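Since the structure comes first, as structure tokens, the remarks are kept for the end.
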Amino acid sequence: MPISRIRHFSVRQRMAFLAAYFAAVIGILLALLLYEHASYLEDHQMSMGMTESEIQLLNLRRDEKDFIARLKPEYLQKFEARSEALSNKIDQWFSVLERAGFHSQKMPMLQQAMLTYRVNFLEYVEYRRQLGIYKNEGLSDELNRLSIRMISDLAEDKRNFKTGLVRLQSLHQLFLFDPQDDLLHEFERLATEMQPGLPASHQQMFREYRDHFQNVVRISSLMGYSENEGTHYLLRKAAHEMEQDFQALSVLVSDFTAFRYVQRVTIILCCSALLILLSAMVLRRIAHSISFPLRQLKADVELLRQGRRDLIFEFESDEIGKVFASLREFQNDLAQLDEMQEKDRAHQQVLMQEKKKLEDALEALKEAQSQLVQSEKLASLGSLVAGVAHEINTPLGIALTMGTTFSDHLRDFFRQMQAGQLRRTYVEEFQRDSEEGLQVMQTALHRAAHLIQSFKQVAVDQASEERRLFNLQQTVQGILQTLHHMTKRRAIDIQVLIPETIFLDSYPGPFGQVISNLVNNTLLHAFTEEQTGSITISAIQEEQRVLLSFSDNGAGIPAKNLSRIFEPFFTTKLGQGGSGLGLNIVYNIVTGILGGEITVDSEPGEGACFHLILPVTVPEKEKTHE
């Protein structure tokens, strides 16, 4: 008998050393991870501070431009609030930068530029306030008030002076809107010409008027006639310097962040390389020291796998020895297992025979279910044929009756004509009766032709699964037309609320089967024979899908049955016209052939609503190969 011998070998100390080593490695990796995380958070805070400050700066410039362009108080309030927010954000950003070890002369320069920009803007606002930013204040309002008062106080015989004052009023308003030297010179020339001829009562007001205008000129010159001079120029210059300082500081911060990232990556890579090299050396040493007994163990296991059950193990009482002791017990267990497997094979043969019988029974059950579903479809088509035949019988009977009557009148007409007994009154009566009869017969035949055409399309669709583009409203109305014989003797009103613009590239036959089954289900379960009610079929299109609702105000569905109504052979009208396959067929068609979804909502006594979600273009069917 083969004997497996091993040397005394203990791995406890080596395993303890290996555990300590890996604990140290994990500690170092965690330290590197925490270092990377902390550095990443600092970099992220610096980047976010820079981004948020830049956004605040852009918004501040936008508020400045909005105020200059529109001169509304809300824009001034927004500028002041935004300026304070930007200052706080810059302070927070600088605090983050200093904690990260970043220092630059651009930081105080940016703060100084922001202060200069804000002072220049407030100086510009003060000048605009003196001129009059809002209604009823400032020099502009005072000028308008004085000019209107002088014009209204002049007598009617002073029309020339009124015209001059109106001209002066126009000039000072134009100057306030767009300060130009030409307007100033024209105002002074005209005012100098008019002042001597004004009445004494207007001299004082006119001097005040000119003094106010001179103040306007002075303030406008301080503000600057154009964007390249005055306070406006200083404001734009301060804004430009502030943006330049911010951009320069942003570049420095970005470079600093990139340097920190490269530094972190270098440290992590170096540490990782050292740990990998050290781990490889340690693992190689330990693996070499324990590989021999493991190879011996592998050889013994291979023999056991090949079916040997007569091995004898001799080993020491250490860790590896315990493994070999377990292997000996495992050999005994395998011997017992071999005996059990022999017994199990006999049972397996019996089970395989029973399984074959069950599979045959299941296949037969599936075939029966398929035949039942097909029978349900053919029964629906047969009901359709019977209903349409019943509907066509009425207009064809009317046409036949009118044709027979017309034939009798025509023979009587020919008989009297051959006998020479025709009278004018009889001919006129024959003409009138013939036209009325032909009109009635034509209407009946058109009705029959329309029913035959509707039946032809619906019957072809339901008998096949041909895919085509069809109008949803026309298709639903055609299907309901073929079901008219089922509803015309019952007080059930069917409303179709579907736009004419919805088209589906789908399978009209299976879709018609869905509508027919839903109508049949509603007539059978929702309403009694004498009960009045309504059915509403509505649809809307949302992009590439159509949401179709089929609702009624009938008896509703009990809550305990809602989760089972789509199951095959489930019905509450067994033996009363229900087969249990109608809604199951609906579910399979909607979720299978039509590629959609169907759900139902219902409360007992409040009716039921089926929600169908159908794709505008049904996905292509996967071709199966037997």
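For residue 345, what accessible surface area do you get with a 1.4 Å probe? Give it in Å², rounded to 10.
Its heavy atoms expose roughly 120 Å² to the probe.
What does the accessible area of residue 402 come to, in Å² to the nearest 10, when a probe of 1.4 Å is used?
My reading of the accessible area for residue 402 is about 50 Å².
How much length is gained on full extension from residue 489 to residue 415, taking 0.36 nm per residue of separation minus their Cα-Cα distance?
Answer, rounded to one decimal: 22.1 nm.
Work out how much length residue 148 to residue 468 would gain on full extension: take 0.36 nm times their residue separation and subtract the Cα-Cα distance, in nm to one decimal.
Result for the pair: 107.3 nm of gain on full extension.
Once you place label points 7 Å from the Cα toward the Cβ at residue 326 and residue 20, how far apart are they in nm?
Label at residue 326, label at residue 20, 2.6 nm between them.
If you add up the charges near residue 613, with Lys and Arg at +1 and Asp and Glu at -1, over every other residue whose beta carbon is less than 11 angstrom from its beta carbon, what do you get?
Charge balance in the 11 Å sphere: -1.
Given labels modelled 7 Å from the Cα in the Cβ direction, how far is it in nm from residue 38 to residue 255?
Each label point is offset 7 Å from its Cα along the Cβ direction, giving 2.7 nm.
What is the spread of the Cα atoms of segment 461-598 along each of their three principal axes, largest first, in whole Å?
39, 30, 29
Calculate, for segment 469-626, the solvent-accessible area per residue in square angstrom, rolling a 1.4 angstrom probe over the heavy atoms of the protein chains.
Numbers: 7940 Å² over 158 residues.
Using a 1.4 Å probe on heavy atoms only, each residue of segment 469-626 averages 50 Å².
So how much slack lies between residue 91 and residue 272, counting 0.36 nm per residue of separation and subtracting their Cα-Cα distance, in nm? Please report the intermediate quantities before stating the final value.
Details: separation 181, 0.36 × 181 = 65.16 nm, distance 3.81 nm.
Separation in residues times 0.36 nm, less the Cα-Cα distance, equals 61.4 nm.
Between residue 544 and residue 336, what is the label-point separation in nm under the 7 Å Cα-to-beta-carbon projection?
Using points 7 Å along Cα→Cβ, the separation is 6.3 nm.
The values are calculated or read from the model by the stated rules, or taken from the named source; none is laboratory data. The structure displayed is predicted, hence computed values, not measured ones. Methodologically, a virtual Cβ is constructed for each residue, glycine included, from the backbone with ideal geometry; neighbour enumeration extends over all protein chains shown. For the accessible areas, the whole protein counts, side chains as well, though only heavy atoms, and no ligand, DNA or RNA atoms are used. Shrake-Rupley method; radii C 1.70, N 1.55, O 1.52, S 1.80 Å.
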